[in-house]
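Remarks on the structure that follows.
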Amino acid sequence: MVAPPGPVLKAEDVGKVYARAGAPISAVKGVSLTLDAGDFVAIVGPSGCGKSTLLHLCGGMDRPTSGRLRIGEEWLDGLSDDRLTELRRRRVGFVFQFFNLLPTLTAIENIALPLLLTGVPAAAATARAAELGERVGLGGRLDQRSRRLSGGEAQRVAIARAIIHRPMLVVADEPTGNLDSATGGQVLDLLVALNRDEGLTLLMATHAPDVARAAHRLLHMRDGIVEREERRDRAPV
């Protein structure tokens with residue numbers, strides 16, 4: 001993973017208001033946070049507290065209504081839509097609850113896709129995808145189309161796809177939320193191992209306390225604000 005000289009992520013007094021018929025909805029209200037290289041931070045709280053909105057803002061998938069964000073050394077507020085898309089493609093990896101794999105592609109093709117989109121030759125992208133597929137435990141399933149994968153296998157593909165381009169930051173929105181407890185535990189163990197062994201910088205949203213406990217820091221959200229921050233020992237090996 002690429003480690004910038006300063007923080008990987010810096011959010012300053014970030015807010016997000018959605019226009020709705022009638023009164024506008026303030027989903028995030030003046031949140032500030034910093035992630036350094038190798039951090040594992042979980043955003044926790046009840047449904048509707050703003051954790052997914054904050055995650056999407058921090059990943060550059062949405063723009064804040066107020067405040068500003070920086071990924072690496074680049075502030076996002078002055079970027080055009082095209083430049084923001086390019087920054088996400090090169091510096092951020094995404095893991096979603098429902099995997100978001102392309103059903104017509106095989107596992108290895110899904111994993112390789114971010115490299116192909118940045119112009120990496122197909123042979124090099126496929127070789128890197130095969131290496132990562134082995135790393136996440138998919139060695140015998142890489143030629144399967146995504147619709148033939150189990151939920152746990154699909155999420156492993158999604159994780160490999162998220163890190164194949166060696167991003168500064170990976171954002172994970174309820175990465176175990178669509179899995180049974182045993183499979184979810186295996187996926188969480190994989191994220192912990194990648195953070196511990198390869199320095200993956202991870203920002204995760206979850207409503208599950210047992211999942212959140214794997215993180216080094218917990219941001220407890222309610223009604224769009226961070227009520228408190230909890231620091232924990234790093235997950236055991």
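Look at the range 116-127 and say how many of its residues are surrounded by fewer than 21 Cβ atoms within 10 Å (Cβ to Cβ) and assigned to a helix (DSSP H, G or I).
Residues that pass the stated criteria total 7.
Name the residues in the range 95-108 that are surrounded by 21 or more Cβ atoms within 10 Å (Cβ to Cβ) and out of contact with any Ser or Thr (no Cβ under 8 Å at 6 or more places or on another chain), would you?
Answer for the range 95-108, where residues must be surrounded by 21 or more Cβ atoms within 10 Å (Cβ to Cβ) and out of contact with any Ser or Thr (no Cβ under 8 Å at 6 or more places or on another chain): just Val95.
Rundown of residues vs (1) assigned to a helix (DSSP H, G or I); (2) within 15 Å of the chain's Cα centre (by Cα); (3) of a type in the set (Lys, Arg), yes/no style:
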{"position": "Leu57", "(1), (2), (3)": "yes, yes, no"}
{"position": "Leu79", "(1), (2), (3)": "no, no, no"}
{"position": "Asp82", "(1), (2), (3)": "yes, no, no"}
{"position": "Glu86", "(1), (2), (3)": "yes, no, no"}
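Residue by residue, here is whether (1) in a loop (DSSP other than H, G, I, E, B); (2) farther than 24 Å from Gly15 by Cα; (3) among the charged types (D, E, K, R); (4) modelled with pLDDT under 90 holds:
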position	(1), (2), (3), (4)
Ala158	no, yes, no, no
Ala162	no, yes, no, no
Thr183	no, yes, no, yes
Gln186	no, yes, no, yes
Val192	no, yes, no, no
Leu203	no, no, no, no
Leu219	no, no, no, no
Val226	no, no, no, no
Pro236	yes, yes, no, yes
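For the range 111-142, give me each residue that is touching a residue at least 24 places away in the same chain (Cβ under 8 Å) and not aliphatic (A, V, I, L, M).
Within the range 111-142, Pro114, Thr118, Arg128, Gly133, Arg135, Gly137, Arg141 meet the criteria.
Out of the range 1-36, which residues are within 17 Å of Trp75 (Cα to Cα), of a type outside the set (Val, Ile, Thr) and assigned to a loop (DSSP other than H, G, I, E, B)?
Ala3, Pro4, Pro5, Gly6, Pro7, Asp36, listed by residue number.
I'd like to check something: does the range 167-181 contain any residue that is charged (D, E, K, R) and over 23 Å from Val44 (Cβ atoms)?
No - not one qualifying residue is present in the range 167-181.
Does Leu117 qualify as being of a type outside the set (Val, Ile, Thr) and modelled with pLDDT of 90 or more?
Considered against the rule, which asks whether it is of a type outside the set (Val, Ile, Thr) and modelled with pLDDT of 90 or more, Leu117 comes out as no.
Find all pairs meeting these conditions: Cβ atoms under 7 angstrom apart; at least six residues apart or on different chains; first residue within the range 55-78 and surrounded by fewer than 19 Cβ atoms within 10 Å (Cβ to Cβ); second residue among the acidic types (Asp, Glu) and modelled with pLDDT under 95.
Filtered contacts from the range 55-78: Arg68/Asp77.
Residues of the range 62-110 being farther than 17 Å from Thr201 by Cβ and hydrophobic (A, V, I, L, M, F, W, C), which ones?
Result: Trp75, Leu79, Leu84, Phe96, Phe98, Phe99, Leu101, Leu102, Leu105, Ala107, Ile108.
Out of all the residues in the range 11-33, is one or more in contact (Cβ under 8 Å) with a residue 40 or more places away in the chain and closer than 28 Å to Arg128 by Cα?
no
I need a count of the residues in the range 128-145 that are surrounded by 12 or more Cβ atoms within 10 Å (Cβ to Cβ) and either of a type in the set (Gly, Ala, Ser) or assigned to a loop (DSSP other than H, G, I, E, B) (or both).
Total satisfying the criteria: 9.
The values are calculated or read from the model by the stated rules, or taken from the named source; none is laboratory data. Computed from a prediction, not measured in an experiment: that's the story for all the values here. Neighbour counts run over all protein chains shown; Cβ positions are idealised from the backbone, glycine included.
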